[in-house]
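To start, the structure under review is shown below, and the notes come after it.
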Amino acid sequence: MTFILRADSITKTFAKEKVINGITLEIEENTFSVLLGPSGSGKSTLLNILSGLLTPSLGTVCHRGKDITALSEEKLAEWKRSFTGNIFQNYLLLNNLNVRENIEIGINKGRDALDFRQLTEILEIDHLLDKFPAHLSGGQQQRVAIARAVIKKPDILFCDEATGSLDEANSKKVVSLLRSLQRAFGITVLFVTHNLQIAETADRIITIKDGRIYKDRYQEDPIQPEEMVWGSI
Ligand SMILES: Nc1ncnc2c1ncn2[C@@H]1O[C@H](COP(=O)(O)OP(=O)(O)OP(=O)(O)O)[C@@H](O)[C@H]1O
Ligand SMILES: [Mg+2]
């Protein structure tokens, strides 16, 4: 088993409040893991530390043995550009660019990239390339955001409530597509959610409570995204 990420004794303090309270965690390569937990438990903070968007107050994060918490601002930006993709609840597309241009923003010039046509076909947005975000449904916008995040073939894809604004049908579709992208291209997915059914589709469910790991459960035989019965905590 190869660990792609290793977080060691992570602490994050905001205004004297310890929001992450000593988390040590390893993530295996080419897996789909969920970070589950109540609102305010520290999921986004932890995800942002693992993805290099936030600096921990204490502790280290290593990506394939390289300490990213020790990098200069410039080197960290380069690491993020090269190896990570992010998907958020609010798609964050650029409204003055069409779908094609929004996706192209994600291309890391001079490096390996997924095939644009194949990716847009998988995500079923190939017929929308000339449209602008304002003319797309929420589900379509999120699939464009996924294309933008994965076109560069990131090593790890960080998703924070990526289905939080979507209805049941679109949420299932997004989870199913992310699972396909993980399997097809070996992209490791770390997915923050409140949704217990989405958690049931994961290889591993890491539950966070009060800034600590409360439970950590592996699933040998997770349910298929299509089998989800809707419900949330
Ligand atoms: N930039 C910040 N400054 C101060 N406090 C913060 C900051 N970011 C997060 N917090 C606090 O840290 C705690 C954890 O926040 P976080 O956003 O990680 O929770 P979460 O588990 O993602 O919650 P949710 O499910 O509601 O998104 C909360 O109490 C929050 O108020
Ligand atoms: Mg959050």
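Read the figures in this text as sums done on the coordinates, not as results from a lab. Predicted model, so just to flag it, every value in this text is computed and none were measured. Cβ sites come from the backbone with ideal geometry, for glycine too, and all protein chains shown count toward neighbours.
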Within straight-line cross-link reach of Lys18, lysines at Cα separation under 28 Å, skipping those fewer than 8 residues along the same chain: Lys43, Lys66, Lys75, Lys80, Lys209, Lys215
Tensor-based shape of region 1-81 (alpha-carbon gyration tensor, a/c under 1.5 rounded, otherwise prolate or oblate): oblate
Kirkwood Rh in Å, taken over all unlike Cα pairs in region 140-233: 13.8
Overall Cα dimensions of the chain, principal axis frame, Å, largest first: 47, 43, 37
Inter-probe distance in nm under a simple model that places probes 7 Å from Cα toward Cβ, at Glu101 and Glu78: 3.0
Shape call, region 82-177: gyration tensor on alpha carbons, a/c limit 1.5: oblate
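Considering only DSSP beta bridges whose two residues both sit in the chain, what percent are antiparallel, to the nearest 5?
Antiparallel bridges make up about 55 percent of those DSSP assigns within the chain.
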Residue among Glu200, Glu29, Glu121 with the largest mean-square fluctuation in a Gaussian network model of the chain, springs linking Cα atoms under 10 Å: Glu121
Gained length - Asp167 relative to Glu226, 0.36 nm times residue gap less alpha-carbon distance: 19.8 nm
On Cα atoms only, tilt of 73-83 relative to the major axis of the chain in degrees: 60
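Between Leu94 and Asn30, take the C-beta separation as r, use R0 = 25 Å, and let me know the FRET efficiency to the nearest 0.05.
That pair, Leu94 with Asn30, gives E of 0.25.
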Residues Ala70 and Asp126, FRET efficiency given R0 of 41 Å [Cβ-Cβ distance, rounded to 0.05]: 0.50
Of Thr193, Thr24, Thr84, the one that fluctuates the most in a GNM where the chain has Cα springs shorter than 10 Å: Thr24
Angle in degrees between helix 138-150 and the longest Cα principal axis of the chain, rounded to the nearest 10: 70
Among Asn195, Asn96, Asn21, residue whose mean-square fluctuation peaks in a GNM of the chain (springs only between Cα atoms under 10 Å): Asn96
Degrees, to the nearest 10: 168-185 long Cα axis against longest axis of the chain: 80
Region 101-165-region 8-70 distance, computed between alpha-carbon centres (Å): 25
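Can you give the FRET efficiency to the nearest 0.05 for His135 and Asp112, using r as the Cβ-Cβ distance and R₀ = 30 Å?
About 0.45, to the nearest 0.05.
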Sorted by Cβ density within 10 Å, fewest first, the residues Trp230, Trp79: Trp230, Trp79
Projected label distance in nm at Lys18 and Tyr218, using a 7 Å step from Cα toward the beta-carbon: 2.9
